[in-house]
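Peer 1: Structure below; questions to follow.
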Amino acid sequence: MRQVRTLGLLGTGVIGGGWAARALHFGIDVVAADVKPEMEAWIRGAVANAEGALSRLTFAPLPPKGRLSFTTDLDQMARSVDFIQENIPEQLELKQRILAQVSRQAPRDVAIASSTSGLMPTDLQRDLVSPERFLIGHPFNPVYLLPLVELVGGKATSAEAIEAASRFYTYIGMHALRVRREVPGHLTDRLQEALWREILHLVNDGVATTGELDDSIIYGPGLRWAGMGTNLIYHLAGGETGMRHMLRQFGPCLKWPWTKLEAPELTEQLIDRMVAGTEEEAAGRSIRELERLRDDYLVAIQQVLRQFNLGAGATLRALEERLYEEGAAAARGRLAGAAAADSAAAPLRLIETQVRPEWVDYNGHMTDSRYLQVAGDATDALLRYAGVDDAYRRSGRAFYTVETHVTHQAEARALEPVYVLSRVLEVDDKRVRLFHALHRGRDDAQLAAAEQLFLHVDTAAGRAAPMDAGTRSRLTALQTAHARLPLPAEAGRLAGKAQH
Ligand SMILES: NC(=O)c1ccc[n+]([C@@H]2O[C@H](COP(=O)([O-])OP(=O)(O)OC[C@H]3O[C@@H](n4cnc5c(N)ncnc54)[C@H](O)[C@@H]3O)[C@@H](O)[C@H]2O)c1
């Protein structure tokens, strides 16, 4: 199966738009195909709309954004992409026909996935050319912020197709959950549907309003669910003996008539109650407004969970680790060249980025803390080159910042391209002094300079310790090369050097 550089989308509604936004953000080109030409404007709007929240999800260095193109020619899309994600309406015959059509055009090493919420993969792959490359990749709305995607193979699906899809989804920041066996509704919708049926009964029976039922989740179980699922939470409910005690204590309730599960009939009265109830909850806020609110808290929750390496936060952390590693790998070649070259000593161009809109303060310029963030990314890339990666840190050694000095020379506005030139000024057994100059892309003007002193520590002992010999020698090679450059005017105002 191919490595995915271009994603093809079949159907560009709510879910297709979400896939497009996510893939483009993480550097994948997208060819979006829909039978309705008016969907081009729609999908471009959906991508722009998603960008606000997506751009706040992670500050790790990102690859250049992917390019979006649109076509009404499904066959042309199928011939020009590395992976196809189908998102057309949930009708078995329609999906079967369109999937078979694109499978006749797509090369055999192009995997084809369906976003279907509940149809069975064996039914969907029935008429495909090379049905072994077909699977279900079921995402959740908003696809650009929720990492879950359920992977379900049908009878003809190959392990290779599942593996390739899992790699691709992980690459664009998702958690690929492999479902062992095809069942209607896969896993998550089966669980959601059970809750949904109970809600409809409780509203139908006049027991509660939609708002009261939503309160029963958001003030309680909903808070727990983001970090731990029902099973682990119930394990805790059993006290010291966990799940065994929990089942003994609450097992008898399972025989009580707590749930109905057969859905009630959707009468006009029930529909009216559901509509009136949710309108009251929306309290005059538009769908767009509520979507923005939802997106903002979904970003914030994932960032909090990242601190605990839990659930969606663990997915985000793993993604960021890869992005930092890739950013550092791109810089590695330049670094090795710089350390080796005798004559052409030059500062290292480590970071190329853009001033993101949320980095700008009320003056319309990049705000102070972001200078440090960009300098931090440059430090990270440089130290990774010297061997200080995640494995190094896990071995109980790290560099801690002990001093920082930032000077500001010019301003940068939102969306301006910027880059960082870095130098190693000084190295000894336990310390390294770095100098970063942030430049504006359009005229190369220096915006700011950051000089920082880092101390190498044994993190378990909590005290300074000599760095690894390999790290020391790489940093020294860079420092030797950089010593041939004139000292920057802003350098030397810190780093343990008292200025009297
Ligand atoms: N909406 C959700 O929350 C959600 C979540 C997960 C999965 N899904 C699944 O994703 C799929 C799409 O759902 P949606 O909510 O995006 O629907 P949607 O109605 O918003 O979008 C469907 C799109 O498919 C296009 N289309 C119709 N026939 C087509 C054809 N022959 N070729 C190409 N395009 C065609 C339509 O023009 C439309 O733009 C469904 O299978 C659904 O079960 C939906």
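Peer 1: Could you tell me the calculated FRET efficiency between ASP458 and SER369, based on Cβ-Cβ distance and R0 = 45 angstrom, to the nearest 0.05?
Peer 2: 0.95
Peer 1: Now a separate question. Provide GLU51, GLU268, GLU163 ordered by accessible surface of protein heavy atoms (probe 1.4 Å), highest first. Before the final figure, lay out the partial values.
Peer 2: Working: GLU51 50, GLU268 130, GLU163 75 Å².
Highest to lowest solvent-accessible surface, that is GLU268, GLU163, GLU51.
Peer 1: Right, something else. Can you pull the one-decimal nm distance between simple spin-label points at LEU487 and ARG104, each 7 Å off the Cα toward Cβ?
Peer 2: The modelled label-to-label distance comes out at 7.5 nm.
Peer 1: Calculate, in nm to one decimal, what VAL14 and ASP127 gain on full extension: separation in residues at 0.36 nm each, minus their alpha carbon distance.
Peer 2: Working: separation 113, 0.36 × 113 = 40.68 nm, distance 2.63 nm.
This chain segment gains 38.1 nm when fully extended.
Peer 1: Post the alpha-carbon centroid distance, the range 37-56 to the range 59-86, in whole angstrom.
Peer 2: The two parts, judged by their Cα centres, are 14 Å apart.
Peer 1: Leaving out ligands and nucleic acids, note down the accessible area per residue over the chain with a 1.4 angstrom probe, in whole Å².
Peer 2: Details: 25230 Å² over 500 residues.
The answer is 50 Å² per residue.
Peer 1: If you average the alpha carbon positions of the range 126-182 and of the range 356-402, how far apart do those two centres end up, in angstrom?
Peer 2: Using only Cα atoms to place each centre, the spacing works out to 34 Å.
Peer 1: Still on this structure: Along the Cα-to-C-beta direction of THR476, a point sits 7 Å from the Cα; which residues of the range 417-457 have their amide N less than 20 Å from that point?
Peer 2: Zone members listed by number: 423-435, 454-457.
Peer 1: Report the one residue of TYR297, PRO488, PRO89 whose Cα lies farthest in the direction of the positive end of the charge dipole of the chain (charges on C-beta: Lys and Arg +1, Asp and Glu -1; origin at the Cα centre).
Peer 2: PRO488
Peer 1: By DSSP, what percent of the beta bridges with both residues in the chain are antiparallel, rounded to the nearest 5? Please list the in-between numbers first.
Peer 2: Details: 43 of 67 bridges.
Roughly 65 percent of the beta bridges in the chain run antiparallel, per DSSP.
Peer 1: While we're looking at this one, here's another question. Over the chain, what percent of the accessible surface lies on carbon and sulfur atoms, probe 1.4 Å?
Peer 2: C and S fraction of accessible area: 55 percent.
Peer 1: What do you get for the angle between helix 188-204 and the principal long axis of the chain? Use alpha-carbon atoms, 0 to 90 degrees, nearest ten.
Peer 2: Approximately 50 degrees, to the nearest ten.
Peer 1: Using only Cα atoms, what is the ratio of the radius of gyration of the chain to 2.2 N^0.38 Å?
Peer 2: Working: Rg = 27.0 Å, N = 500, 2.2 N^0.38 = 23.3 Å.
Computed over Cα atoms of the chain, the ratio equals 1.16.
Peer 1: Tell me the label-point distance for the pair THR407, ASN309, using the 7 Å Cα-to-Cβ offset, in nm and rounded to one decimal.
Peer 2: About 4.1 nm separates the two model spin labels.
Peer 1: Can you pull out the trypsin sites (Lys or Arg not before Pro) in the range 422-500 whose DSSP state is coil and whose Cβ has at most 13 other Cβ atoms within 10 Å?
Peer 2: Those satisfying the criteria are ARG442, ARG484, ARG493, LYS497.
Peer 1: Can I ask one more? Could you state the angle between the C-alpha long axis of helix 287-307 and the longest principal axis of the C-alpha atoms of the chain, as a value from 0 to 90 degrees rounded to the nearest 10?
Peer 2: Approximately 60 degrees, to the nearest 10.
Peer 1: Can you tell me the 0 to 90 degree angle between the C-alpha axis of helix 311-340 and the longest principal axis of the chain, rounded to 10?
Peer 2: In the chain, helix 311-340 runs at an angle near 30 degrees to the longest axis.
Peer 1: Excluding residues on the same chain fewer than 8 positions from LYS36, give the lysines whose Cα lies under 28 Å from its Cα.
Peer 2: LYS36 reaches LYS65, LYS95.
Peer 1: Return the distance in nm (one decimal) between the two label points of a simple spin-label model at ALA465 and ASN231, each offset 7 Å from Cα along Cα→Cβ.
Peer 2: Here the answer is 3.9 nm between the modelled labels.
Peer 1: Counting only helical runs of four or more DSSP H residues, what would the 222 nm mean residue ellipticity of the chain come to if each run contributes -39,500 (n - 2.57) and the total is spread over all its residues?
Peer 2: -14000 deg cm²/dmol
The values are calculated or read from the model by the stated rules, or taken from the named source; none is laboratory data. Since the model is a prediction, treat every value here as computed from it, not as a measurement. We place every Cβ from the backbone using ideal geometry, glycine too, and count neighbours over all the protein chains shown. Ligands, DNA and RNA are stripped out before the accessible areas are found, and what is left, the full protein with its side chains, is counted by its heavy atoms. Shrake-Rupley method; radii C 1.70, N 1.55, O 1.52, S 1.80 Å.
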